[in-house]
Amino acid sequence: MEGLLGGPAAIKLSSPTPKETDLKTSPLARLLMAAASLVVTSHAAHAQPWPAKPIRLVVPYAAGGPADVIARLVAKPAGTNLGQTIIVDNKGGAGGTIGVDAALKSPPDGYTFALVAQGPLAGMPNLMKVPYALSDVQFLTLVARGPAVIVVSKDVPANSLTEFIKLAKASPDKFNYGSAGPGTTPHIGAELLKQEAGIELTHVPYKGAAPAVTALLGGEIQVAMVDLLNVLPHVAGGKVKVLAVAGPSRAPQLPDVPTTKEAGLAAVVMDTEYGVIAPPGVPAEVQKKFRDAVVAALQSQELKDQLLKQGVVPLTSTPQEYKAQMTAESDKWKRVITKGKITIE
């Protein structure tokens with residue numbers, strides 16, 4: 001008994017037998033130990049709090065456009081709130097559908113989101129077959145509204161929307177309108193104006209809003225419905241005339257310009273709404289954390305002022321409100337497209 005309790009003779013250490021040594025160094029044993037190590041490493045990785053690395057924010061349009069500018073302004077403070085860098089990744093093409101598709105097919109690990117306008121979500125699916133469904137989209141929050149404005153070149157003898165409609169009715173073949181391309185918001189918006197006002201305008205599509213505005217300044221076209229952001233620099237110089245805001249309220253940047261509702265065309269509303277979405281399968285708690293970071297960033301007066309200077313109005317929404325808004329937009333686009341027999345030319 002004394003030996004068992006701790007006397008020197010009580011404990012005997014024996015060296016491993018050759019057979020035991022062979023087992024520990026055999027290929028099978030090494031494989032099992034490696035697998036065990038991987039399991040431990042994997043658990044450790046999953047245990048890391050999100051976000052553990054930079055986050056990608058896909059913008060489905062070219063760099064320098066309105067969505068890109070908004071994304072970069074929002075990404076910095078939202079990333080600060082999360083303690084990680086948010087990297088803007090431009091993936092333009094096919095009216096924004098290429099970038100949206102890439103974002104929605106990304107791994108649902110919480111490291112890919114997208115900032116997108118309503119076109120690829122509510123508009124393009126009514127014009128072409130897209131490789132995703134609205135049900136795939138995880139809506140997080142709206143971030144900004146870009147008031148669409150109806151503008152004419154300085155040489156058009158009209159200073160109000162009512163005056164322009166009278167001119168267009170008197171000369172149905174005289175006026176051309178420009179858009180950022182077939183199926184874009186400026187295209188559908190101008191078609192909505194035509195339908196509601198009962199006027200005829202000839203569509204001239206361009207490869208983006210910027211070329212359309214250049215054409216307006218040069219007199220190639222006479223009218224356009226574009227985001228305020230695209231024409232704001234030209235308004236003060238008198239190079240274009242803003243006839244109306246095609247939105248529910250006046251634009252803070254142009255408080256004296258009436259809305260289409262005030263001009264008697266309440267149905268002509270075609271704001272561009274920008275929001276943040278996630279791929280299907282992203283954990284709910286990760287979606288909430290990312291949304292909270294974006295919403296908190298948008299409460300900053302500095303960011304609000306920066307967005308207003310760009311011609312957009314900052315706003316936020318619940319995921320449910322965002323989804324309902326896109327559903328309503330899809331219904332509106334479908335009505336305009338069907339009535340106007342619009343196709344991608």
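Values in this text are rule-based calculations from the coordinates and carry no lab data. What you are looking at is a predicted structure, and each value in this text was computed from that prediction instead of being measured. Using ideal geometry, Cβ is built from the backbone for each residue, glycine included, and neighbour counts are taken over all protein chains shown.
Comparing Cα centroids, the stretch 237-280 and the stretch 105-144 end up 23 angstrom apart. Taking the Cβ of L265 as the center, what net charge do the other residues with Cβ under 12 Å away carry, scoring Lys and Arg +1 and Asp and Glu -1? It works out to a net charge of 0.
On a per residue basis, the convex hull of the C-alpha atoms belonging to the stretch 284-345 measures out at 136 Å³.
Would you order L228, L265, L217 from fewest to most other beta-carbon atoms within 10 Å of each residue's own beta-carbon? List each step's numbers first, then the result.
Values: L228 28, L265 20, L217 15.
The order, fewest Cβ neighbours first, is L217, L265, L228.
Each principal axis of the stretch 148-245 carries a Cα extent, and these read 30, 29, 22 Å when sorted largest first. Under the criterion of Cα pairs below 8 Å and six or more residues apart, the relative contact order for the stretch 148-245 equals 45 percent.
Rounded to the nearest 10 degrees, what's the angle between the helix 185-197 long axis and the longest principal axis of the chain, both from Cα atoms, 0 to 90? The angle comes out at about 40 degrees.
Against the 2.2 N^0.38 Å scaling, with N counting residues, where does the chain land? I'd like the Cα-based Rg ratio to two decimal places.
Details: Rg = 28.9 Å, N = 345, 2.2 N^0.38 = 20.3 Å.
Ratio of Cα Rg to 2.2 N^0.38 Å: 1.43.
Across the stretch 49-171 the C-alpha pair distances fall into 5 Å bins from zero in the proportions 2, 10, 17, 18, 15, 10, 9, 7, 6, 3, 2, 1, 0, 0 percent. Of all beta bridges that DSSP places with both ends in the chain, some 60 percent have antiparallel geometry. Size of the stretch 241-299: Rg and Dmax of its alpha carbons, in Å, are 17.3, 48. Near V88, within a Cβ-to-Cβ distance under 11 Å, what is the net charge of the other residues, with Lys and Arg +1 and Asp and Glu -1? Result for the neighbourhood of V88: +2.
So for the chain, averaging the separation of alpha carbon pairs under 8 Å that are six or more residues apart and normalising by length, what relative contact order in percent results? Spell out each step's value before the answer.
Values: 618 pairs, mean separation 80.0, N = 345.
Relative contact order for the chain comes out at 23 percent.
From least to most packed, judged by other beta carbons within 10 angstrom and beginning with the fewest, D271, D292, D101 follow the order D292, D101, D271. Rounded to the nearest 10 degrees, what's the angle between the helix 27-46 long axis and the longest principal axis of the chain, both from Cα atoms, 0 to 90? The angle comes out near 40 degrees.
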